[in-house]
Every structure is written in C-alpha cells, then in structure tokens.
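The values are calculated or read from the model by the stated rules, or taken from the named source; none is laboratory data. Source: prediction; values computed, not measured. So basically every Cβ, Gly included, is an ideal-geometry build from the backbone, and we count neighbours across all protein chains shown. What goes into the accessible areas is simple: the full protein's heavy atoms, side chains included, and nothing from ligands, DNA or RNA. Shrake-Rupley method; radii C 1.70, N 1.55, O 1.52, S 1.80 Å.
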Amino acid sequence: MKIVGKTAAEIFDCIRLMTRSKALQPGDALPPVRDLAVALEVNRNTVAAAYKRLVAAGIAVSQGRLGTLIRQTENMVEREGGVQGSPLTDVASGNPNPQWLPDVAAALVQRPYRPRLYGEPTVNAELEAYGRRWMEPDCPSAGEINLTHGAVDAVERLLAAELVGGDKVVVESPCFLSSINTLRVVGLVPVGVAVDSEGMCPAGLAAALEAGAQAVVLTPRAHNPTGCSLRAGRAAQLQALLAQYPHVLIIVDDHFALLSSQPYHSIIPASAERWALIRSVSKVLGPDMRLALVCSDAQTSRRLRLRLVSGTNWVSHLLQDVVLASLTSPLFEAQISRAKADYAQRQQWLRQALQQYGLQVPTSCDGLNLWLPLQQEAQPLAHALARRGWLVRNSEPFCLDEAVAGLRLTISTLDEPQAQKLAEDIRACLG
C-alpha cells in the first residue's frame, strides 16, 4: 500500500488508514514533503497541510528538519498517588495529610444544597466573588473567573483551546508528573527548562522562547517535585523575558497557594495577550474536591468557556457549595493556618535529619514534598530503601530530555522519629 491523494484531506485520510491497518508502524518516517509532492504531482503546500493535520490529530509528530514520524503508542504512564495495600511506609504519594482535610458533612450543614437547573450560571456568584478577591491582586489586569475540575484539568483545557498539536510548551525540568502526561495526551511537545532554588532558570526560558515555544506552564510556589519557589528577582527576570513575546500563552499553576509559606511573585507581564492564573483546592480540601479557580484575560476566558459549555461539563454546584462553605468558615481558616505550620515543621524535621547525616537538601523547600538531589542514579537507591521498608519516588518519571538524579520524599504524614529513621536508612543505602 502506498500513499495516494490529490488534496490535503485525501492524503491525510490515506495515511490515517495506513496507520490503522498497520501498513505504517509507530516510529516510521513519512516521506519528505518535497518527495511526496513530486510523487503525487501536487503542490508542496498540499502535502505540508496534510502533515500538519496529522500532527494536530495526534497521528504523527513533527521532528523539524528530521522529518515527520508516525507517533509512538503511549505506554501506561506513572501517576501521582500512593500504592494501596503496600506494606512499605509511603513517602512517595504526594498526598496531603487527611488530618487537615475538612468535614464535608459539616460544610453542607452550613450551606444546605439548593438544586440548580439547566440554564443557570455555571459559577456560583459568591464563589466567583471570592475568586476575584483572592486572585485579581496577583493578575496583570482585571480578569474573568472560570472553574475547572482541578488544576490539571485547567491546564489541559487551556492548552487544547489555544494551541495545536506539535506546538512547543515550556515546563520546568524536572516536571510535575501530571503536566508531562497532559502534554503527551494533547499532542504537544514539552520543552524542559531547568529549575534551581529560586525557580525556573532565565537562560533556559530565553532559549525555549527563541526556539518558538507557544506556551509556558510554570509553578510559582512549592514546585512539584523540587519544592522550590520563585524569588522576587527571578520572577522579575522571567517577566521581562516573557514581555518580549506577548503572544505566548502563560499558565501559572499556583496549586499550593492557601498553604504556602512563600510569597507569590508574578511572572505575567502587563503586555501578555494570553494568560491564566490557576489556584486549586486539592491540597487544602483534598484531591477528591475536583475544583480549581482560573482567572484569565477575556479572550482566554471565552475560549475556556467553550470547553465548559453549560449542559456539558460545568463544575458541580454541590461541589462549589462545599468548597465555598469550607473556604469561608472561620473554623477552617484557623485549620488552614495549623496545617501550614504542620507541613513546615515536618519539612524541617526531615531536612535537619538529612543534614545530620551529611546529605544536603535545598533549604527553602515548600509544599508536601522534599527533594533530595543525588550524585548517582536514583532507581537503585529506591530499590534499596524498599528493602528497608520505605516506598519512595525516584526522579526518573519527572525528567524530560535530561536526567536529573534525586528522590522526591512526601513529608505530609512523616513524624520526627520516622524522619530520623528515613535519613539514617538513606545514608546507609548510599554507603
């Protein structure tokens, strides 16, 4: 079977059929645009249009000057979360401490449920007002508020609404697991930029923007997996770089906002044409509270709303009621303060224990995890720790192009004796 067709649609349909019939296998290279155009006696632009559509549909992937390949079938990807039934002590899950999650039944007592019908506003007016008070001071201009089913859902919908398959997207490296998985699903090309103790490195961002990146997804505080947070000077550098590319979509995933011990520093310049600030409630109310607030410019908001059409995919008003009742309860506000202090204390216990054994870790970690940089491959150490009773997350799943050796250790339920024992076992396994 060979490629045939005289229009872009016919060439696209032929190649798609060849992939489904296994005549073309994942990894196979398609003919160069010029060669196929000559063979089919069509204009080069016709073949280029067909190839572009194949990339957008996720059938092929563009390698630039290296040509266009049939896309590899994705294997099962690693996900965030614990391993149910494991006999090991879990410091790999990334989960919050259940002790600090709210009583949903009590929240419903405070705000009895009122049934909503088709045609009503998709966002509760009180929750929208809360979102404006919380988020607009950190935005470059007055934005519009939307709701999604968590931060990952927001990132996926924003990227899918604004970009096409094959577009390059800047992310931190190492990168949040769900961000990597989202980009793969949408058919976008992740471009990893290294992070240090102050956040994303400006030189890497500058290179990625110059190379044609169309979007940037950045975590300003409690970066997962490293725990780093942007410093004011670093944020100003990144903002100045992004100001030179006003067309680039900027997505700021401030997932730990309510619990962070670090101040928020914006990277969104006033000149940005497309931007969104996301703040979810999964860390403070629990992962099952699938809700994130998204504040964005008007154009981005309109496109996002098209993907949240009323009657199709709005966020449950019952969930909105629970979230609003929890976030505005004086008792829960006090609980948030205690949770923030508790997580900071657990970070300190493990950081000090590791330092006692000569293991250097970043001093400004924030969030539910602590990052331990390594000078050797992480996987053998993870296996050795499992034999001593610990379930840890090694750095491999978080890496993009370049390997970064380290362990991500979840501290949310780790007490002081456990922290001492974990540090002792890591030191012993390292020899």
Notebook entry, point to check: What is the number of the single condition among (1) without any contact (Cβ under 8 Å) to a residue 12 or more places away in the chain; (2) in contact with a helix residue (DSSP H, G or I) (Cβ under 6 Å, 6 or more places away or on another chain); (3) open to solvent by less than 50 Å² (accessible area, probe 1.4 Å); (4) not small (Gly, Ala, Ser) that Ile3 does not meet?
Noted result: (1)
Next item on the list: Any chance you could count how many residues in region 136-167 are touching a residue at least 24 places away in the same chain (Cβ under 8 Å) and more than 15 Å from the chain's Cα centre (by Cα)?
Entry: 17
Notebook entry, point to check: Which is within 30 Å of Arg338 (Cα to Cα) and at pLDDT below 95, of Thr226, Thr219, Thr312?
Noted result: Thr226
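Yes or no, residue by residue, for (1) under 22 Å from Leu370 (Cα atoms); (2) of a type in the set (S, T, N, Q); (3) out of contact with any Cys (no Cβ under 7 Å at 6 or more places or on another chain):
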site: Met200; (1), (2), (3): yes, no, yes
site: Ala208; (1), (2), (3): no, no, yes
site: Ala211; (1), (2), (3): no, no, yes
site: Gln214; (1), (2), (3): no, yes, yes
site: Val217; (1), (2), (3): yes, no, yes
site: Tyr245; (1), (2), (3): no, no, yes
site: Ala270; (1), (2), (3): no, no, yes
site: Leu277; (1), (2), (3): no, no, no
site: Leu304; (1), (2), (3): no, no, yes
Check: Does Ala203 count as over 13 Å from the mean Cα position of the chain (by Cα) and not in a loop (DSSP other than H, G, I, E, B)?
Finding: yes
Notebook entry, point to check: If only one of Gly358, Gly367 is at pLDDT 90 or above, under 22 Å from the mean Cα position of the chain (by Cα), not in a strand (DSSP E or B) and not assigned by the TED database to the domain that holds Asp196, which one is it?
Noted result: Gly367
Item checked: Every pair of residues 6+ apart whose Cβ atoms lie under 6 Å, when the first sits in region 269-280 and is farther than 13 Å from Ser301 by Cβ while the second is among the aliphatic types (A, V, I, L, M) -> Pro269/Leu242; Pro269/Ala243; Ser271/Ala243; Ala272/Ile250; Arg279/Ala257; Arg279/Leu293; Ser280/Ala151; Ser280/Ala292
Next item on the list: Could you tell me whether region 336-358 includes any residue that is open to solvent by less than 60 Å² (accessible area, probe 1.4 Å), without any contact (Cβ under 8 Å) to a residue 40 or more places away in the chain and among the β-branched types (Val, Ile, Thr)?
Entry: no
Next item on the list: May I ask you to list the residues in region 173-199 that are in a strand (DSSP E or B) and open to solvent by 10 Å² or more (accessible area, probe 1.4 Å)?
Entry: Ser173, Val189, Pro190, Val191, Gly192, Ala194, Val195, Asp196
Notebook entry, point to check: So which residues in region 373-414 are within 20 Å of Ser86 (Cβ to Cβ), open to solvent by 60 Å² or more (accessible area, probe 1.4 Å) and assigned to a loop (DSSP other than H, G, I, E, B)?
Noted result: Arg388, Thr413
Next item on the list: Could you figure out which of (1) buried (at least 17 other Cβ atoms within 10 Å of the Cβ); (2) modelled with pLDDT of 90 or more isn't true of Arg34?
Entry: (1)
